[in-house]
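Asker: Right, I'll just put the structure down here and ask away after.
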Amino acid sequence: MVSETYQSKNVCVIGAGPSGLVAARELRKEGHRVVLLEQNHDVGGQWLYDPNVEGEDPLGRTPSLKVHSSLYTSLRLISPREIMGFTDFPFSVKKGRDMRRFPGHRELLLYLKDFCDWFGLRDLIRFNTRVAYVGMLDYYATSTDDVVGCKDLKWVVRSVEKKTQIVMEEVFDAVIVATGHYSQPRLPSIKGMDAWKRKQMHSHIYRVPEPFADEVVVVVGTSLSGQDISMELVEVAKAVYLSGKSLDISEGLSKVISKHENLHLLPQIDCLQEDGKVLFVDGSWVIADTIMYCTGYSYTFPFLDTKGIVAVDDDRVGPLYEHTFPPSLAPSLSFIGIPRKIIGFPFFESQAKWIAQLLSGKRTLPSRDDMMQSIKELYHSRDVAGIPKHNTHDIAEFEYCDRYGDHIGFPHLEEWRKELCLSALRNADTDLETYRDSWDDHELLQEALQSTHFTQHGAQDFPL
């Protein structure tokens, strides 16, 4: 619904990664006052590479992590650059930079810095500022579902300047959580894991292969990071054993395994023994020097106190209407960037626009009951489809992103953007080692580069 009365709100955005930056841009465009709190020294979030992992717990089991980024040195994008940009700021090639279609991670960081500078967002950001606490001001409720005075809800935000340790406490009309979800390691539960005496680590702190020279390494997890890291380790390690839930792997991974005598595929781990032995469910075993868990990440919001209204249960963050709004606290509390398996930047942009317009009063949400009913229907449909709870926020559906945008008249994903995404996925499936440098979608690429997305700005607007 669209309203005629507009208001300007005092809004705190947490995190200066892609979702936080576009949130700040949209909020300011809508006339709100914005403060963006960022724990690191620069923008980028996950894309701000941090090589200093020595002080981090190898399995990420500490209450708070010192290192936010999980990028390893050689990481390259898994999607072509053409599909990744925000709708009005294409991820264009720039002379003197990484001009590949699937560039290294630093190129995306530079894109985000360009975005930040182009839209003048840096003045809104407080760097080196860690958010310690976010909670409701004068909270009282008759139950966890009934926050009294929700319309006038305000939020206390307590932050710490990292260098001086000065604590600041402020009150905001609204808070947007944009802290990402690729930092907190998600670990399997394996018998003997706590007693195993050799090296165990999560890929969160993997950076380069050299420390694993001449080692026997078991890599747990055959998803993208497990595949990528295994292909890198196999060049220096004595042997790499890739352990997966299923032995039904892609053609691309199968080609890689057949090419390397020291790369082996094994089923799930059954148990670990103190002498270094790793036993697998098919009865096979190896003695390993290192086990590396490439098992994904969990959602965590250690600073957020909603009195139990919003909780994380087996990586289901909820209840959230459209993966964004807690019905009894919205729109004063919202989340950007929760969904996975989407073309991220345009989706974050649509989330940011919707939130900004809700806060100004330009639009309104459905009733709390209707939002809760929508969430129940989502959970039920996932259960019926046999989708595990921890995959609740995996979208993998262009149509959902288009329907989401319809709430605010946001443009649908262009057909070329969808097709380039699918083309990259198909190529990775068949040619895992080469798909980033060898492709067959030249016609689609030309269609993309001739679209208004790339021609909307003259060359003078984006100096090379």
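Asker: Using a simple charge model, +1 on the beta-carbon of Lys and Arg, -1 on the beta-carbon of Asp and Glu, nothing else, what dipole does the chain show about its Cα centre, in debye to the nearest 20?
Answerer: Its charge dipole is roughly 1040 debye.
Asker: If each DSSP helix of 4+ residues adds -39,500 (n - 2.57) and the sum is divided by the residues in the chain, what number results at 222 nm, nearest 500 deg cm²/dmol? The partial results should precede the final answer.
Answerer: On the way: 10 runs with 116 residues, N = 464.
Value at 222 nm, helices only, nearest 500: -7500 deg cm²/dmol.
Asker: Ratio of segment 339-393's C-alpha Rg to 2.2 N^0.38 Å, to two decimals?
Answerer: 1.39
Asker: Moving on to the next point. Given all pairs of different Cα atoms, what value in angstroms does the Kirkwood hydrodynamic radius of segment 328-464 take?
Answerer: When all Cα pairs of segment 328-464 are included, the Kirkwood radius is 17.9 Å.
Asker: Using a 1.4 Å probe and ignoring any ligands, DNA or RNA, find the accessible area of Thr392 and quote it in Å² to the nearest 10.
Answerer: 0 Å²
Asker: Thr364 accessible area, nearest 10 Å², 1.4 Å probe?
Answerer: 60 Å²
Asker: Right, something else. Give me the Å³ per residue figure for the convex hull around the C-alpha atoms of segment 199-293. All intermediate terms of the calculation are to be shown ahead of the outcome.
Answerer: Values: hull volume 8.5 nm³, N = 95.
With only Cα atoms used, segment 199-293 gives 90 Å³ per residue.
Asker: Can you give me the relative contact order of segment 199-293 as a percent, contacts being Cα pairs under 8 Å and 6 or more apart?
Answerer: 34 percent
Asker: In addition: For segment 310-414, report the accessible area per residue in Å² (1.4 Å probe, heavy atoms, rounded to an integer).
Answerer: I get 38 Å² per residue for segment 310-414.
Asker: Using Cα pairs closer than 8 Å and at least 6 residues apart in sequence, work out the relative contact order for the chain, in percent.
Answerer: Dividing the mean separation by the residue count of the chain yields 20 percent.
Asker: Averaged per residue, what accessible surface does segment 199-293 expose to a 1.4 Å probe, in Å²?
Answerer: That works out to 43 Å² for each residue.
Asker: Using protein chains only and a probe of 1.4 angstrom, how many square angstrom of Asp50 are accessible, to the nearest 10?
Answerer: Surface accessible to solvent at Asp50 totals approximately 40 Å².
Asker: Okay, moving on. Quote the Stokes-Einstein diffusion coefficient, in whole µm² s⁻¹, for segment 186-345, based on the Kirkwood radius over alpha carbon pairs, a temperature of 37 °C and a viscosity of 0.692 mPa s.
Answerer: The diffusion coefficient I find is 185 µm²/s.
Asker: Would you work out what percent of the accessible area of the chain, with all protein chains in place, is carbon or sulfur (probe 1.4 Å)?
Answerer: C and S atoms contribute 52 percent here.
Asker: Here's another thing I want to ask about it. Find the eigenvalues of the gyration tensor of the Cα atoms of the chain, then list the square roots of 5 times those eigenvalues as equivalent ellipsoid semi-axes, largest first, in whole angstrom. Walk me through the intermediate numbers first.
Answerer: Numbers: eigenvalues 277, 153, 96 Å².
The three semi-axes for the chain are 37, 28, 22 Å.
Asker: Can I ask one more? Name the residue farthest towards the positive end of the dipole of the chain from the options Ser451, Leu65, Pro346, assuming +1 on Cβ of Lys and Arg, -1 on Cβ of Asp and Glu, about the Cα centre.
Answerer: Sorting the options by dipole projection puts first Leu65.
Asker: Of Ala288, Ser246, Leu265, which is farthest on the positive side of the dipole of segment 199-293, counting Cα position, with +1 on Lys and Arg Cβ, -1 on Asp and Glu Cβ, and the Cα centre as origin?
Answerer: Result: Ser246.
The values are calculated or read from the model by the stated rules, or taken from the named source; none is laboratory data. Bear in mind the structure is a predicted one, so any value in this text is a computation, not a measurement. Positions of Cβ are backbone-derived with ideal geometry, glycine not excepted, and every protein chain shown enters the neighbour counts. Keep in mind that these areas ignore ligands, DNA and RNA; they rest on the heavy atoms of the full protein, side chains included. Shrake-Rupley method; radii C 1.70, N 1.55, O 1.52, S 1.80 Å.
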